[in-house]
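Read the structure below first, then the notes.
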Amino acid sequence: MKAPTQSRRPVDAAPILKLQGITKRFPGVVALNNVDFDVRPGEVHALLGENGAGKSTLMKVLAGKHQANEGKIILGDEEMAFENPKHAKRAGVVLIHQEQSLVPEMTVAENIFLGSLPRKPFNRVDWRKLREDTNKILETLKCGFKHDDLVGSLSIAKKQMVEIGRALAFTPQVVIFDEPTASLTDHEKPVLYDVINSLCEQGVGIVYISHRMDEIFHLSHRISVLRDGQYTGTVNTADTNEDEITRMMIGRSLELDHASKPNDFGDNLLEVRNLSVKRVFEDVSFNVRKGEIVGMYGLVGAGRSEVAETIFGLRTPSGGEVVLDGEVVKFRNSHDAVASGVALVPEDRKDQGLILGMNCRDNMTMASLTSVSSMGFMQGAKERVVYDKYHQAMKIKTPSWRQKVGNLSGGNQQKIVIGKWLHTHPKLLILDEPTRGIDVGSKSEIHTLVKDLAKSGYAVLVISSEMPEVLGLSNRIIAMYDGRVTAEFDGDNVSEDELVQAITGMGKQAQAS
Amino acid sequence: MTSIKGFFRGRAKIQPIWIFVIAIFIFFSFMSEYFLSWGNITNILVQTSTIGLIALGMTLVMINGNIDLSVGAILGLAASLAVGLQEISMTLAIAAALGAGILLGAINGLIVWKTGVNAFIVTLGAMLGIRGLLFVYTDEQSFYASNFAFSDFGMSSIGPMPVLAIIFLVCVLIMHLVLTRTSHGRNTFAVGGNPEASIDAGIRLGRHMMINFIIVGFFAALAGVLLSSQMGAATPNLGRDYELWVITAVVLGGTKLTGGSGSIIGTLGGVLAIGILRNGMNLMQVPAFYVLVVLGVILISVLIIDKKVNVPSSKEVRI
């Protein structure tokens, strides 16, 4: 791990917002137990904790979505009782959501002032004022779009800027960011950082929730940690390191473990030869052996997921071929791919991997119903056996198989998706961003699981945008840039710089010159 | 199928509609002395069997995330075929009627599957087109059954149970098992719940959609044959607005328009609610127009209650 690029001294000022002794109970569970938290003007205060530790609940209490059972919220000198998010916003506390809530068919200006458009007499919209106010906000954001651009035509990063613009419309004193970089690529992040820094300079207090250590060390002044609804402490970013924070979060420390990588490889299982899909990716070749983990590293948009989808039969290649276990295969659809032993754990768990309204067992057996049914009739007992097997093997935490998958944490959801695929008995397992949005503890569990799977003979292809993940898992690394494979590395002997060059196209230029 | 409890639990919660059905059942028992007689109760079952049969198929289509507006027209066409062709051969007439339903359902399904056009639009077109075909075929004439065995069948009973009621209840049982116990049923839920995840899991989306459209087409045609046998006749306007009654019953029964959840037991409740209300208010001599008003109010109220009761609550424990 790289040392933090920049450590900031804590801001010396009286807190603008204080939470004291917040306790929030839901039936049967104490989500927050006597938690203290404060934000100073002009600082970034990072809030960390595993999924389910109570971060989101705390922030919802702060933003008026939930009401605390006990404890005080003090804004400035005044004790507040926020009844709803609107009330909190008016008082100057704004939460920027993880999931974006914008209207794609409307312009940037309309979105920023959605619900509070400036009015003229007779309830007409004051378009001129709307334009001026929006331009003022866009100036602070310094981003490359105009007030009349349609939000639907903007990139995800820019949409997020619009979301932040919406918060700024309330001239906030405290802005809460909940996993703001979850959907951003590495080169989009600095734009967000700049905005956060400029908000700080204006004296706004920032609460920053994220799973990503590098971001937190880069941005924050102080770090507070929650564990199981309890407040475990606050430290100055300049005086701490990742190990200490990790220990605070999970009570133990994590290390990148090269030695535990699989090392016994068999024959070629997957061979991709000059595969192309017009205007998406071109001339992609690589191979994966039995028992081997191959990492595919690149920026979002480099064509990695599309390569996986093509191997899985969801896209028709315009050229090249896929060889699986020595045979050239041409899948017409995903059904063929599953039948031939290919499994794809998709990038977006909630949209592509799971049926959130279904229970755990049904999600687990979804891809392999023939194995738990006879003559078209489901066999409940067999289903339970399958479910229990993976439930135990992967230590999935759920009260019962009847629990709806939508109520599980990200890590447990991902384990169900992986379990679903393992039961199809695949030869090739493709994992697309397997730990996106998953807390540190579950992340390492999933990493261990992936390594164990490879050791037991699966050929594994891991697509990831996270360098530590790619380095920690892969025997070999394939770098992609702009729809092409730019380099292939040995996973144990590659420097971070080499990788970065390969995925940003710099390596290619170097070769050309 | 180890226990009664396990059998009925299926995948759905107790639908609020059943509380309502029990409430109005008790209410009308007190309000009318005729209501609680065996004759009247079987009568309700016979009266609701037409809408009920179609609602069984519609439940699957709607859980699958689609809708079929052409069922009323299919019912009309099947009824006219069953009555109009019986001069040639009774078997041929019924086979043609049921075959038409299956074929039209398959066409609906195929278009939705292959073109990806919204099922609402496809079946709206089918509704208009099939009704048009029906007028072409019948030349705007009503047909009367010439075969007495056919018109007797609709009125016949086995012991104390009318045959139509038996057919309906057997179909309820079969469809309940199809939905809760077969892999087709499971995939129907999956596809409606999240089509993308279903594709990713290698489920053949189109195939399941098509099967469900065929099922609802078949049930619409079956309902048409049974209805015409009950009346001993078929008119070209038969089945008008039935799609709305069917959808009302299914929605009352707790099936979501967005797909992914619902149950046959709930649909049975929805069908009975409509049947009992119509029958009971009729016995109380409430004019028919008021029945419509009451049904409209009830449809909306039940959905409001359902929304209040079954909120995806923050109370559910996250682990």
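The values are calculated or read from the model by the stated rules, or taken from the named source; none is laboratory data. This one's a predicted model, so the numbers in the text were calculated from it and none came from an experiment. Cβ: placed from backbone, ideal geometry, glycine included. Neighbour counts: every protein chain shown. The accessibility values were calculated without ligands, DNA or RNA, using every heavy atom of the protein model including side chains. Shrake-Rupley method; radii C 1.70, N 1.55, O 1.52, S 1.80 Å.
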- Task: Count charges around residue A:372 for me, please; just the other residues with Cβ under 11 Å from its Cβ, Lys/Arg as +1, Asp/Glu as -1.
- Result: +2
- Message: Output the 0 to 90 degree angle, nearest 10, between the alpha-carbon long axis of helix A:156-168 and the longest principal axis computed from the alpha carbons of chain A.
- Response: 20
- Query: Put a dot 7 Å past each Cα toward the Cβ at residue B:297 and residue A:371; how far apart are the dots in nm?
  - Reply: 5.6
- Query: Taking each residue of B:186-197 in turn, how many C-beta atoms of other protein chains fall within 10 Å of its C-beta, and what is the average?
  - Reply: 6
- Solvent-free Debye scattering, log10 I(q)/I(0), computed from the Cα coordinates of the protein assembly as shown at q = 0.09 Å⁻¹: -1.03
- Task: First measure r as the distance between the Cβ atoms of residue B:141 and residue B:204, then evaluate 1/(1 + (r/R0)^6) with R0 = 51 Å and state the FRET efficiency to the nearest 0.05.
- Result: 0.75
- Task: Could you state how much accessible area is buried at the B-A interface, both sides summed, with a 1.4 Å probe, in Å² to the nearest 100?
- Result: 2600
- Using a simple spin-label model with points 7 Å from Cα along the Cα→Cβ vector, what separation in nm is obtained for residue B:244 and residue B:284? 2.3
- Of the DSSP beta bridges with both residues in the protein assembly as shown, give the percent that are antiparallel, rounding to the nearest 5. 60
- Note on the structure: Across A:366-372, the residue-averaged tally of Cβ atoms belonging to other chains within 10 Å stands at 5
- Query: Can you give the alpha-carbon Rg of the stretch A:322-384 over 2.2 N^0.38 Å, where N counts its residues?
  - Reply: 1.34
- Going through the DSSP H helices of chain B, which span 30 Å or more along their own axis at the Cα atoms while scoring at least 1.6 as a mean Kyte-Doolittle hydropathy? B:90-115, B:288-309
- Message: Please give the Cα centre distance for the stretch B:31-50 versus the stretch A:22-85, rounded to the nearest Å.
- Response: 58
- Which value, in debye to the nearest 20, describes the size of the charge dipole of chain A about its Cα centre when Lys and Arg Cβ atoms bear +1, Asp and Glu Cβ atoms bear -1, and nothing else is charged? 1620
- FRET efficiency (residue A:278, residue A:148; Cβ distance; R0 35 Å; to 0.05) is 0.60
- Task: Using only the alpha carbons, work out the radius of gyration and Dmax of the stretch A:157-210 in angstrom.
- Result: 10.6, 29
- Task: Could you list, in their original order, any pairs among A:86/A:129; A:395/A:451; A:86/B:308; A:261/A:451 whose Cα atoms are separated by more than 18 Å?
- Result: A:86/A:129; A:86/B:308
- Query: In peptide A:333-346, how many Cβ atoms from other protein chains are near each Cβ within 10 Å, on average?
  - Reply: 3
- Query: Semi-axes of the stretch A:258-512's equivalent ellipsoid from the Cα gyration tensor, sqrt of 5 times each eigenvalue, largest first, rounded to whole Å?
  - Reply: 31, 21, 16
- Residue span residue A:74 to residue A:400: 0.36 nm per residue of separation minus Cα-Cα distance leaves a gain in nm of 113.3 nm
- Task: Among the listed pairs A:89/A:136; A:146/A:278; A:65/A:420; A:330/B:256; A:159/A:278, give every one whose C-alpha distance is greater than 30 Å.
- Result: A:146/A:278; A:65/A:420; A:330/B:256
- Can you pull the one-decimal nm distance between simple spin-label points at residue B:133 and residue A:495, each 7 Å off the Cα toward Cβ? 7.3
- For chain A, find the longest principal axis of its Cα atoms and tell me its angle to the long axis of helix A:127-141, 0 to 90°, nearest 10. 70
- Item | Largest-first ellipsoid semi-axes for the stretch A:124-201, taking √(5λ) over the Cα gyration tensor eigenvalues, angstrom | 21, 16, 11
- Rank A:102, A:425, B:254 by how far each Cα sits towards the positive end of the charge dipole of the protein assembly as shown (+1 on Lys, Arg Cβ; -1 on Asp, Glu Cβ) and give me just the farthest. B:254
- Item | Highest average packing first - A:327-338, B:58-69, Cβ atoms within 10 Å | B:58-69, A:327-338
- Item | Accessible heavy-atom area order of B:38, A:421, B:18, highest first, probe of 1.4 Å | B:38, B:18, A:421
- What full-extension length gain, to one decimal in nm, is calculated for residue A:13 and residue A:84 as 0.36 nm per residue of separation minus the Cα-Cα distance? 22.7 nm
- Message: At R0 = 56 Å, how high is the FRET efficiency between residue B:92 and residue A:103 if r is their beta carbon distance? Nearest 0.05 is fine.
- Response: 0.45
- Using a 1.4 angstrom probe on heavy atoms only, work out the carbon and sulfur share of the accessible area of chain A in %. 47
- How long is the gain from residue A:126 to residue A:327 if the chain were fully straight, where each residue apart is worth 0.36 nm and the alpha carbon distance is subtracted? 65.8 nm
